[in-house]
1. Which members of region 234-249 meet the condition of being outside any strand (DSSP E or B), in contact with a helix residue (DSSP H, G or I) (Cβ under 9 Å, 6 or more places away or on another chain) and either loosely packed, with under 13 Cβ neighbours inside 10 Å or aliphatic (A, V, I, L, M) (or both)?
2. Please indicate, with yes or no, whether at least one residue in region 213-234 is outside the structural domain of Val279 (by TED's automatic domain parsing), within 16 Å of the ligand (Cβ to nearest atom) and touching a residue at least 60 places away in the same chain (Cβ under 8 Å).
3. For residues in region 282-297 being more than 13 Å from Ile201 (Cβ to Cβ) and crowded, with 18+ Cβ neighbours inside 10 Å, which is nearest to the chain's Cα centre (by Cα)?
4. State which residue is farthest from Gly179 (Cα to Cα) when the search covers only region 36-53 and only residues that are buried (at least 23 other Cβ atoms within 10 Å of the Cβ) and touching a Leu at 6+ places or on another chain (Cβ under 7 Å).
5. Since Val33 meets every condition but one in (1) buried (at least 17 other Cβ atoms within 10 Å of the Cβ); (2) under 17 Å from the mean Cα position of the chain (by Cα); (3) more than 14 Å from the ligand (Cβ to nearest atom), which condition does it not meet?
6. Restricting to region 58-85, name every residue that is exposed (fewer than 14 other Cβ atoms within 10 Å of the Cβ) and either in a loop (DSSP other than H, G, I, E, B) or acidic (Asp, Glu) (or both).
7. Regarding region 279-289, can at least one residue be identified that is more than 28 Å from Gly34 (Cα to Cα), outside the structural domain of Thr23 (by TED's automatic domain parsing) and part of a helix (DSSP H, G or I)?
Amino acid sequence: MIEIRNLSHQYGDRQVLKNVSFTVEPGKLTGFVGANGAGKTTTMRAMLGLIRPTSGEVLLNGRPITATDRVGIGYMPEERGLYPKMKLHEQIVYFAQLHGVDKAVANRRADELLDRLGLAERRDEIVESLSLGNQQRAQICVALVHEPNILVLDEPFSGLDPIAVEVVLDVLNQRAKMGAPVLFSSHQLEVVEKLSDNLVIISQGEIKAAGTRRELQEAHSRGLYRIGVDDHTWLTQQPGVEVLERLEDGVVVRIAGDADEPAARAQQLLRDAIAHGRVTEFGRHLVPLTTIFKEVR
Ligand code: ATP
């Protein structure tokens, strides 16, 4: 488990991280989401020891993370870090060796990763001749080749086509299943929504929400129900019920009240709906990540 505790950072007199705290659990994919300039890269750099934060600490399994621990991190930096003139396979082997991997093992792993990421045929091409998406895949090979036990990936899915997203996701899930904590940042909310077990939302250097995807969705969906009815006009006249969204085959409503009240009121509303005609759907409505993102930012 990685614990980011009260991390603050200033560039000059500009404070870009303010008491950032969250955890990255082993065996889970944690999506780190925030607008441009929110502080994701700065947080990751602090985790890697590439910047020294003004205050705060990064713990690994309850103790301050060390330089040796950091060598074991698979990091994909935002600015990327490949040598443009070096051949792909050679480059992956080179980075593996920098992490102390034996050359024969590095060769084998480079072959496996290139194959897995659909780059086998390009193994002897120089990096700058690859498309941006393929360079991105190559960067992922480099981050994984030393079989890191922690992954910190800055925008690993940007520029990838949907099939490559699936492949990379598969690889990350596999690492997570082996017990690695995996943190990745992304702007693609629909990707994060689909992929992450846990979410951390940062805005202007402050953590605005963190938890499992389901917890966050539940917290932002209190009192929301989806009701599939042919005619919903009667719903607008129901006390304590607000129609929020019209769907093709029904509506999303918010039922006012605290704690258990909406659930009890929902039962009554279901009976009323049946009395008004055909009901094709009735259930809790969970808001998408985009809604949560807009609400907390
Ligand atoms: P993006 O999604 O655009 O990559 P981000 O969430 O990763 O953004 P950071 O790169 O961490 O955000 O930047 C946070 C803030 O720190 C921004 O306002 C940025 O301009 C500023 N910043 C980042 N690096 C430096 C630096 N080396 N010197 C001064 N300011 C910096």
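1. Keep residues of region 234-249 that are outside any strand (DSSP E or B), which gives 234-240, 248-249.
Filter again for in contact with a helix residue (DSSP H, G or I) (Cβ under 9 Å, 6 or more places away or on another chain), leaving 234-235, 238, 240.
Once the filter is applied, which keeps residues that are outside any strand (DSSP E or B), in contact with a helix residue (DSSP H, G or I) (Cβ under 9 Å, 6 or more places away or on another chain) and either loosely packed, with under 13 Cβ neighbours inside 10 Å or aliphatic (A, V, I, L, M) (or both), region 234-249 yields only Leu235.
2. For region 213-234, residues outside the structural domain of Val279 (by TED's automatic domain parsing), within 16 Å of the ligand (Cβ to nearest atom) and touching a residue at least 60 places away in the same chain (Cβ under 8 Å): absent.
3. Our first condition is that a residue be more than 13 Å from Ile201 (Cβ to Cβ); within region 282-297, this holds for 282-288.
If we keep only those that are crowded, with 18+ Cβ neighbours inside 10 Å too, we end up with 285, 287.
Working: His285: 22, Val287: 17 Å.
Out of the qualifying residues, it is Val287.
4. For region 36-53, the residue satisfying everything is Gly39.
5. Unmet for Val33, out of (1) buried (at least 17 other Cβ atoms within 10 Å of the Cβ); (2) under 17 Å from the mean Cα position of the chain (by Cα); (3) more than 14 Å from the ligand (Cβ to nearest atom): (3).
6. Keep residues of region 58-85 that are exposed (fewer than 14 other Cβ atoms within 10 Å of the Cβ), which gives 61-64, 66-68, 71, 79, 81, 83-85.
Matches in region 58-85: Asn61, Gly62, Thr66, Glu79, Gly81, Tyr83, Pro84, Lys85.
7. No; the residues of region 279-289 include none that is more than 28 Å from Gly34 (Cα to Cα), outside the structural domain of Thr23 (by TED's automatic domain parsing) and part of a helix (DSSP H, G or I).
The values are calculated or read from the model by the stated rules, or taken from the named source; none is laboratory data. Since the structure is predicted, the reported quantities are computational estimates derived from the model, not experimental observations. Backbone-built Cβ (ideal geometry, glycine too); neighbour counts: all protein chains shown.
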